[in-house]
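Okay, structure first, notes after.
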Amino acid sequence: MLALGVGLVTAAVLTFPLPLHLGSALLEDGTFDAYQFVWNIWWVRESLLGLHQNPFFTSYLFYPDGVPLLFHTFSFSLGLASVPLQLALPGGALTAHNVLVVAAPALAVLALALLAHELTGDPWAAVVGGLAGAVTGTTVWYLPVLYLDCAYLIAFVLWAWWRLHRLARPRDVVLLLGLLLALVFASQEYTLMALAILGLDSFASLVAPRAFGLPPRWRAGLVAFWGFTALALGALALVAMHAPATAPPADMVLFGSAFAAALLVPPWVVPTPFWLYLGTGALALAPIALVWGRPTVRFWLAAAVLLSLMALGPYMRWQQPFQGPPPRLSPGHGFPGPYLVALKVLPLFRFFRAPYRWTVGAQVALGALAALGVAGVRARIGAASVRTIATAAALALVIGSAVLDLRGLRAPLTEAAVPAAYGTLSADPQPAAVLELPSGLRASRFAAFSSLYMYYQTAHRKYLLEGTVSRLPPDRRLVVQRAISDFAALPYVKWVVLHRDLVPESSLGAQRQVEEVDRLLVSEGELVARDGAIDVYRLRTFRPETVLAP
């Protein structure tokens, strides 16, 4: 209860004033990612309860071909958890999404505290560890992105693992597998981080348990867990082989790698990307753990180091040598690291473009390390009053350093009203597709306009010709990549929506496409609604018989 209370207070502070606007706004950092994740959880409900179809495929995006969602950053398990919220709360998917966002910091503190308590048996050390590992720049930066703000699932899996070996009960194998399954369908990248820590634990317990300070492991539970996990992941691998997707360019992986200075140097001392920093409180408590912590600190230190090295990407370096995307992936950019080995051994790694996200797993390990350090200090202090002072000092260190690490980092609160112009589409009962323009990315930053259009789709329910979907099949093309010279070639498109306020923010290619479509609309469409800078056109070339059922 102590950790839950601290977590709730933490969540309120980190997300305020979002809890006061759950059904009308969201945290949006300019990338439009939050809009996509509202669509993700809406689609889970729509597919299961409305359309009664497979949620891992949708024809509502990239119509008429549709697109698979199994290896998209879909966060299906979070969407499934949101369904009761969507049904019970006013505001539907938007409110449910915001509840998940607000709950994420609370769950992160709680999950890490449970893990830390399992390691130490000390509730106050557990709270310190929970705060040190969960309240970081990464936590705040990832708040609008459900796929990335669910790091608490990593901690829950690790907690269940240690609990399994302490109690040696078959039902705890089921609990562990259930939590891992939830993590697999919430974030594939976080799944790899959790499995890396569990794999290190299993290897160390078999080869050198004393060197890593590990307690005895329940061998039957260990074998059962890895056996079922291998079967499940093998089945997913077979599915992936029959649903090929396009991997990101190799150079993007290098550009998405962290560098050591950013992990270790506070961004308020030397300007570095705050989302890479491991956290002042956790780093300050780590030496204390090494001196006064239990032998288990050796394992958690090894885990933190391993995951930090993974965050550095294929080639490790102290500083980021690029001001823009690197020219090519080559050994000249740094020393080969464990991520390069993973790229060569495990093909799945080729589909992830941001190794720096492994800092999240490192922060979980550092939270455990911090808790072990505080527990070690508290155990060595006999006087209750002195122990209280030491605990208060540790809490003050973690909270005070968090204030320095996090100030000014949270995404701003943005109104999330669907423009009134979409009422024309919502009122039309006829199934049809809509062309939304401009297409592509914002010229000034990595933000896909299609994420915004996906959010609007949750209101009008018309098919879109594209969408923001990670790991696309090779034959899917974005609208900006297509030549539109005659709407008769797209007979299933009934509506065209032009966001004229977004056109100046789009690429030159997208702007030229809008000009070409404008010329076509003179003869092939009619303006039926206008809401500020948004124009809605109905096409004369629409043929309802060409629209396929979902």
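The values are calculated or read from the model by the stated rules, or taken from the named source; none is laboratory data. Small disclaimer: the values here were computed from a predicted structure and weren't measured. All Cβ positions, glycine included, derive from the backbone under ideal geometry; neighbour counts span all protein chains shown. Just so you know, the surface numbers come from the protein's heavy atoms only, side chains and all, with ligands and any DNA or RNA stripped out. Shrake-Rupley method; radii C 1.70, N 1.55, O 1.52, S 1.80 Å.
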Any residue at all in region 351-359 that is at pLDDT below 95, in contact with a Pro (Cβ under 8 Å, 6 or more places away or on another chain) and open to solvent by 70 Å² or more (accessible area, probe 1.4 Å)?
yes
Residues of region 160-174 satisfying the condition of being more than 18 Å from A113 (Cβ to Cβ) and either open to solvent by 40 Å² or more (accessible area, probe 1.4 Å) or of a type outside the set (V, I, T) (or both):
L164, H165, L167, A168, R169, P170, R171, D172, V174
Search result, residues across region 239-261 that are surrounded by fewer than 16 Cβ atoms within 10 Å (Cβ to Cβ) and more than 30 Å from T136 (Cβ to Cβ)
V239, M241, H242, A243, P244, T246
Residues that are buried (at least 23 other Cβ atoms within 10 Å of the Cβ), among the aromatic types (F, W, Y) and out of contact with any Asp or Glu (no Cβ under 7 Å at 6 or more places or on another chain): which helices (runs of 4 or more DSSP H) entirely in region 21-125 hold 3 or more of them?
33-45
Run down L264, L278, L236 and say which single residue is surrounded by fewer than 18 Cβ atoms within 10 Å (Cβ to Cβ) and either at pLDDT 90 or above or among the polar types (S, T, N, Q) (or both).
L264
With respect to A371, is the statement that it is in contact with an Asp or Glu (Cβ under 8 Å, 6 or more places away or on another chain), closer than 25 Å to A104 by Cβ, modelled with pLDDT of 95 or more and aliphatic (A, V, I, L, M) true?
yes
So, in region 473-505, of the ones that are farther than 25 Å from T58 by Cβ, outside any loop (DSSP other than H, G, I, E, B) and touching a residue at least 24 places away in the same chain (Cβ under 8 Å), which residue ends up least open to solvent (accessible area, probe 1.4 Å)?
V503
Of the conditions (1) touching a helix residue (DSSP H, G or I) at 6+ places or on another chain (Cβ under 6 Å); (2) within 17 Å of L425 (Cα to Cα), R538 clears all except one; give me its number.
(1)
Test set (1) modelled with pLDDT under 95; (2) over 15 Å from the mean Cα position of the chain (by Cα); (3) not charged (D, E, K, R) - V99 fails condition number:
(1)
Kindly provide the set of residues from region 198-214 that are without any contact (Cβ under 8 Å) to a residue 60 or more places away in the chain and either in contact with a Gly (Cβ under 6 Å, 6 or more places away or on another chain) or open to solvent by less than 60 Å² (accessible area, probe 1.4 Å) (or both), ordered by number.
L198, G199, S202, S205, A208, P209
Some residue of region 210-230 being farther than 22 Å from A194 by Cα and of a type in the set (V, I, T)
no
Residues being among the aliphatic types (A, V, I, L, M) and more than 23 Å from the chain's Cα centre (by Cα) - total across region 110-135
6
Members of region 281-304 that are open to solvent by 40 Å² or more (accessible area, probe 1.4 Å), of a type in the set (A, V, I, L, M) and touching a Gly at 6+ places or on another chain (Cβ under 7 Å)
I288
Can you name every one of the helices (runs of 4 or more DSSP H) wholly within region 345-461 that holds 2 or more residues which are under 24 Å from V305 (Cβ atoms)?
359-379, 384-406
So the check is Cβ under 6 Å with 6+ separation or different chains; which pairs have a first residue in region 386-406 that's acidic (D, E) and a second one that's in a helix (DSSP H, G or I) and open to solvent by less than 20 Å² (accessible area, probe 1.4 Å)?
D405/G137
